[in-house]
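Structure record follows, encoded as structure tokens.
The values are calculated or read from the model by the stated rules, or taken from the named source; none is laboratory data. As the structure is a computational prediction, the values presented were derived from the model and not from experiment. Virtual Cβ from ideal backbone geometry, glycine too; neighbours counted across all protein chains shown.
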Amino acid sequence: MKRVVIVGGGAAGINTAQTLAKYLTEADETEVIVLEKNAYFYHVVGAPRAYVDADYTNKMFIPYDNAIPKHATKFVRIVRGVATQVSADTNEVSYHAIGSDDKESETTEKLKFDYLVLATGSTYSVP
């Protein structure tokens, strides 16, 4: 089975996973794993609207479980963790898992990949 690992679940990462989910089936024997530290997707483009519409605030945070189409949950999954190293020699991403208590493990785990997408996003400066 082929494996695609996407590091980062922001706009680019989750869009990549959703696009793969749209075109892949179980018969393709391809697993897609999104490695993301947060439990919720933050819809940053919607932030200005939340300033003027308080009811919109809860729509800005989407649980990652709801971001993947139901038909694709057998081959697309979200793994909560923080990537610590990428090895092109061994095709592995090392990471620290994040538990349900939102704490980062000190134990290093590894994900092997056939294809790697780095979608770590950007950092905004505070004005």
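Please go through region 82-127 and give me each residue that is touching an Asp or Glu at 6+ places or on another chain (Cβ under 8 Å), surrounded by 15 or more Cβ atoms within 10 Å (Cβ to Cβ) and not β-branched (Val, Ile, Thr), ordered by number.
Listed by number, the residues that qualify are Asn91, Ser94, Tyr95, His96, Ala97, Leu111, Phe113.
So, of the residues in region 53-96 that are in a helix (DSSP H, G or I) and among the small types (Gly, Ala, Ser), which turns out to be modelled with the lowest pLDDT? First the steps, then the outcome.
Let us first name the residues in region 53-96 that are in a helix (DSSP H, G or I), namely 54-59, 64-67, 70-72.
From what's left, among the small types (Gly, Ala, Ser): 54, 67, 72.
Numbers: Ala54: 84, Ala67: 88, Ala72: 93.
The extreme case among them is Ala54.
Any idea how many residues of region 21-48 are out of contact with any Ser or Thr (no Cβ under 7 Å at 6 or more places or on another chain) and either in a strand (DSSP E or B) or surrounded by 14 or more Cβ atoms within 10 Å (Cβ to Cβ) (or both)?
Here is the first cut: in region 21-48, the ones out of contact with any Ser or Thr (no Cβ under 7 Å at 6 or more places or on another chain) are 21-23, 25-48.
Remaining after also requiring either in a strand (DSSP E or B) or surrounded by 14 or more Cβ atoms within 10 Å (Cβ to Cβ) (or both): 21, 30-43, 46.
Qualifying residue count, region 21-48: 16.
Take His71 and decide whether it is surrounded by 15 or more Cβ atoms within 10 Å (Cβ to Cβ) and more than 18 Å from Leu116 (Cβ to Cβ).
Numbers: surrounded by 15 or more Cβ atoms within 10 Å (Cβ to Cβ): no; more than 18 Å from Leu116 (Cβ to Cβ): yes.
So His71 does not fit the description; no.
Return yes when Tyr51 is exposed (fewer than 10 other Cβ atoms within 10 Å of the Cβ) and either hydroxyl-bearing (Ser, Thr, Tyr) or more than 25 Å from Arg3 (Cα to Cα) (or both) and no when it is not.
Details: exposed (fewer than 10 other Cβ atoms within 10 Å of the Cβ): yes; either hydroxyl-bearing (Ser, Thr, Tyr) or more than 25 Å from Arg3 (Cα to Cα) (or both): yes.
So Tyr51 fits the description; yes.
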